[in-house]
1. Quick check on the range 182-197: of everything there that is closer than 24 Å to VAL58 by Cβ and among the small types (Gly, Ala, Ser), which residue is surrounded by the fewest Cβ atoms within 10 Å (Cβ to Cβ)?
2. Give the residues of the range 150-165 that are part of a strand (DSSP E or B) and closer than 18 Å to GLU45 by Cα, sorted by residue number.
3. Any residue in the range 136-163 that is touching a residue at least 12 places away in the same chain (Cβ under 8 Å) and basic (Lys, Arg) sitting within a Cβ distance under 6 Å of a residue that is outside any helix (DSSP H, G or I) and surrounded by 16 or more Cβ atoms within 10 Å (Cβ to Cβ)? List the pairs, counting only those 6 or more apart or interchain.
4. Please go through the range 163-219 and give me each residue that is among the hydroxyl-bearing types (Ser, Thr, Tyr) and in contact with a Phe, Trp or Tyr (Cβ under 7 Å, 6 or more places away or on another chain), ordered by number.
5. Given the residues ARG177, ARG219, which is the only one that is surrounded by fewer than 22 Cβ atoms within 10 Å (Cβ to Cβ) and under 23 Å from ARG14 (Cα atoms)?
6. Looking at GLY110, GLY157 in this structure, which one is in contact with an Asp or Glu (Cβ under 6 Å, 6 or more places away or on another chain) and either more than 22 Å from LEU27 (Cβ to Cβ) or at pLDDT 95 or above (or both)?
7. Quick one: GLY193 ticks every box in (1) in contact with a Leu (Cβ under 9 Å, 6 or more places away or on another chain); (2) more than 22 Å from GLY65 (Cα to Cα) bar one, so which box is it?
8. Could you list, in sequence order, the residues of the range 245-272 that are buried (at least 20 other Cβ atoms within 10 Å of the Cβ), part of a strand (DSSP E or B) and without any contact (Cβ under 8 Å) to a residue 60 or more places away in the chain?
Amino acid sequence: MSRSPFGPSEEELRANLAGEASANAALTLHDADLAAADVETTGPEVPRDLTAAAFFDVDNTMVQGASIVHFARGLAARKYFKTSDLVDVAWKQVKFRITGKENSTDMASGREKALAFIAGRPTAELAALGEEIYDEIIADKIWPGTRALAQMHLDAGQQVWLVTATPVELAQVIAKRLGLTGALGTVAESVDGKFTGRLVGDILHGLGKAHAVRTLAVREGLNLKRCSAYSDSHNDVPMLSLVGTAVAINPDSDLREVAKNRGWEIRDFRTGRKAAKIGVPTALALGAAGGAVAAAVTRRRDH
């Protein structure tokens, strides 16, 4: 198929498709969880801020280390694959964390191994494994400071979404365990409740994350200028640039430089430095206060 040289590249088309699929899956899973939940209110309902939300990257932002490596550890313990495969995944993550840049060969290899693992397996199985492995490994690796920031947005009546390259089924488990709204993640194609071994678009990353956030914002009626985004990686600059308040959490060197140049908040929970103290940044506090006022004016009933 011919394509105009002035049109989007193949990479951009895959990123857009991945973002669209991620937003669709995230809202579907969120609606299913709401339908299945037996919610009892024990206190006054928090007024909803209908036009603001917060978007959090997962790896090294919400979770210490790479969530997919933690998941792989759990799978290896259950004999789903060999320990040597786990070492390979971990080494590629180490290279990425040191250089801050993905290697295309590493990404392709990792994608092929992951898709080979899930091909033919029920989607429910992946979610069930995610629940078990979260409780065993990931629960103890949540950054308290980042969790506190997410809670600040929840307390202001705002939606809070995870945005990650991790499979959406696993990302949804993390979001659910943390009491967040939901998760945008990589979507693996499934037919009749079983994975086909193909991705919808590509891994949710870079431009894909930005498109997923933009798509969800349109669906949910969010004003991106009133939204916030948090990440540790310069690869998420497209997502961070979409919103009114961008925050670098435990940033890599390139993101730290971008944040300084653009005047973005920097929060580092890895050290004892002043920046790591848990608190509400001034810009975020103002956003939350504005959200409370907006919620009071625009509040509507859920039912």
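The values are calculated or read from the model by the stated rules, or taken from the named source; none is laboratory data. Since this is a predicted model, take the numbers as computed values, not measurements. Using ideal geometry, Cβ is built from the backbone for each residue, glycine included, and neighbour counts are taken over all protein chains shown.
1. The first filter runs over the range 182-197 and keeps only residues closer than 24 Å to VAL58 by Cβ, leaving 182-190, 195, 197.
Remaining after also requiring among the small types (Gly, Ala, Ser): 182-183, 185, 188, 190, 197.
Details: GLY182: 24, ALA183: 29, GLY185: 30, ALA188: 23, SER190: 19, GLY197: 17.
Here the answer is GLY197.
2. Narrowing the range 150-165 to residues part of a strand (DSSP E or B): 159-165.
If the condition is that a residue be part of a strand (DSSP E or B) and closer than 18 Å to GLU45 by Cα, then GLN159, VAL160 are the ones that fit.
3. Close Cβ pairs satisfying both conditions: LYS141/VAL63; LYS141/GLN64.
4. First, pick out the residues of the range 163-219 that are among the hydroxyl-bearing types (Ser, Thr, Tyr): 164, 166, 181, 186, 190, 196, 215.
THR181 - this is the single residue of the range 163-219 that is among the hydroxyl-bearing types (Ser, Thr, Tyr) and in contact with a Phe, Trp or Tyr (Cβ under 7 Å, 6 or more places away or on another chain).
5. On the way: ARG177 fails: under 23 Å from ARG14 (Cα atoms).
Of the residues listed, the single one that is surrounded by fewer than 22 Cβ atoms within 10 Å (Cβ to Cβ) and under 23 Å from ARG14 (Cα atoms) is ARG219.
6. Details: GLY110 fails: in contact with an Asp or Glu (Cβ under 6 Å, 6 or more places away or on another chain).
Of the residues listed, the single one that is in contact with an Asp or Glu (Cβ under 6 Å, 6 or more places away or on another chain) and either more than 22 Å from LEU27 (Cβ to Cβ) or at pLDDT 95 or above (or both) is GLY157.
7. In the conditions (1) in contact with a Leu (Cβ under 9 Å, 6 or more places away or on another chain); (2) more than 22 Å from GLY65 (Cα to Cα), GLY193 misses (1) alone.
8. Selection gives THR245, ALA246, ALA248.
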